[in-house]
1. With the condition kept exactly as written, say whether any residue in segment 33-40 is at pLDDT below 95, among the basic types (K, R) and touching a strand residue (DSSP E or B) at 6+ places or on another chain (Cβ under 8 Å).
2. Could you check segment 107-152 and list, in sequence order, the residues that are among the aliphatic types (A, V, I, L, M), within 15 Å of G170 (Cβ to Cβ) and surrounded by fewer than 24 Cβ atoms within 10 Å (Cβ to Cβ)?
3. Working carefully through the options A139, A107, A151, A92, find the one that is over 24 Å from I190 (Cβ atoms), of a type in the set (A, V, I, L, M) and modelled with pLDDT under 95.
4. List pairs: first in segment 131-156 and under 26 Å from S32 (Cα atoms) and without any contact (Cβ under 8 Å) to a residue 24 or more places away in the chain, second assigned to a strand (DSSP E or B) and of a type in the set (V, I, T), Cβ under 9 Å, 6+ apart or cross-chain?
5. Checking P193 against (1) modelled with pLDDT of 90 or more; (2) part of a loop (DSSP other than H, G, I, E, B); (3) under 17 Å from the mean Cα position of the chain (by Cα): exactly one of these is not met. Which one?
6. Please give the number of the condition D214 fails out of (1) farther than 17 Å from G138 by Cα; (2) exposed (fewer than 14 other Cβ atoms within 10 Å of the Cβ).
7. Kindly indicate whether D87 is free of Cβ contacts under 8 Å to residues at least 12 places away in the same chain and of a type in the set (D, E, K, R).
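The values are calculated or read from the model by the stated rules, or taken from the named source; none is laboratory data. The model shown is predicted, which means the values in this text are computed figures rather than measured ones. Cβ: placed from backbone, ideal geometry, glycine included. Neighbour counts: every protein chain shown.
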Amino acid sequence: MNAGIHLQAYPKENVGINGYLSLKDADYWTVSGIRFGYSPTNTTGQAIVNFFGGTGWNFVGNEVSGTRGVANLLIRERTPLSTSASDRAVAAPHDYLVAANCIHDAAKTGSQGQMHNIYLMPTIYSGGGAIENNIIAGAPLGANIKASGSADPDGAPREVIIRHNTLLYGASGLVMGQAANRVESIGNLIALPISSGPNDGGVKTYELTAADTDSVKDTLISGYVHPVRQPWGSDPTLYLRRNVTPPSVSLTGSVANCSVRAADSSIRSVYGHMALK
């Protein structure tokens, strides 16, 4: 049995860190109950919280906000020993969990298509990831979740489930791009775009090469001109089933204090971070 390290707030204590957390090969670590925020005096790193590689780690019940880098939370491989598939598999994250967090307000700086709340680029050599039951809100230039590579198309994720998250106020709710393979969106609530234009799309593909292995199911998408947008005419196309696109969704609570939720109990019991399993 693997005994990991727990980095967590002391019970009933309110712990905040303004700066950057970067963990490499954090096998079986759990990070929980901490508020992570931007610090103008500490400008290193691409994101406020960074996980590089690692197996069996959990990021649960935290708050991350205010990034001025590429993301609030960045998940990617550590530097591999070589470019061989075996070495990249060792360097990639495996069996990781991002759950019950509040991740919000990626700054409106840079160019369209940048500044995401979660940038998921663990590589196609990764596997077993889950992003679930999170509030993720406020990405006026980018995506609430971007599941894609960047310069390296193979940076895209493999075998990850993105389920029962509330994704609000993003230019895009969820982007699946490049070599993303077996990425599943299910039970998410995606609503209230904060901008329109080339990035508009509740779910959007980006040069997706294996779209028929990726799916969007049982998802509510509201307010976007394009609920699902495949702007390069992807062939094959995403697997789409049982999604709903109401013209509007009413919310209660607020993003700032991480209490936002669908006002209608029949919606929040099925879609988003409060859904009943």
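1. Checked against the condition, which is being at pLDDT below 95, among the basic types (K, R) and touching a strand residue (DSSP E or B) at 6+ places or on another chain (Cβ under 8 Å), segment 33-40 yields no hits at all.
2. Within segment 107-152, A107, L141 meet the criteria.
3. The conditions single out A151.
4. Listed by first residue and then by second, the contacts come to nothing, as the list is empty.
5. The one condition P193 does not meet is (1).
6. (2)
7. Taking the combined requirement at face value, the residue satisfies it.
Rundown of residues vs (1) touching a helix residue (DSSP H, G or I) at 6+ places or on another chain (Cβ under 6 Å); (2) within 27 Å of V249 (Cβ to Cβ); (3) basic (K, R); (4) part of a strand (DSSP E or B), yes/no style:
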position: Q114; (1), (2), (3), (4): no, yes, no, no
position: T123; (1), (2), (3), (4): yes, no, no, no
position: A130; (1), (2), (3), (4): no, yes, no, yes
position: G138; (1), (2), (3), (4): no, yes, no, yes
position: G142; (1), (2), (3), (4): no, yes, no, yes
position: K146; (1), (2), (3), (4): no, yes, yes, yes
position: E159; (1), (2), (3), (4): no, no, no, yes
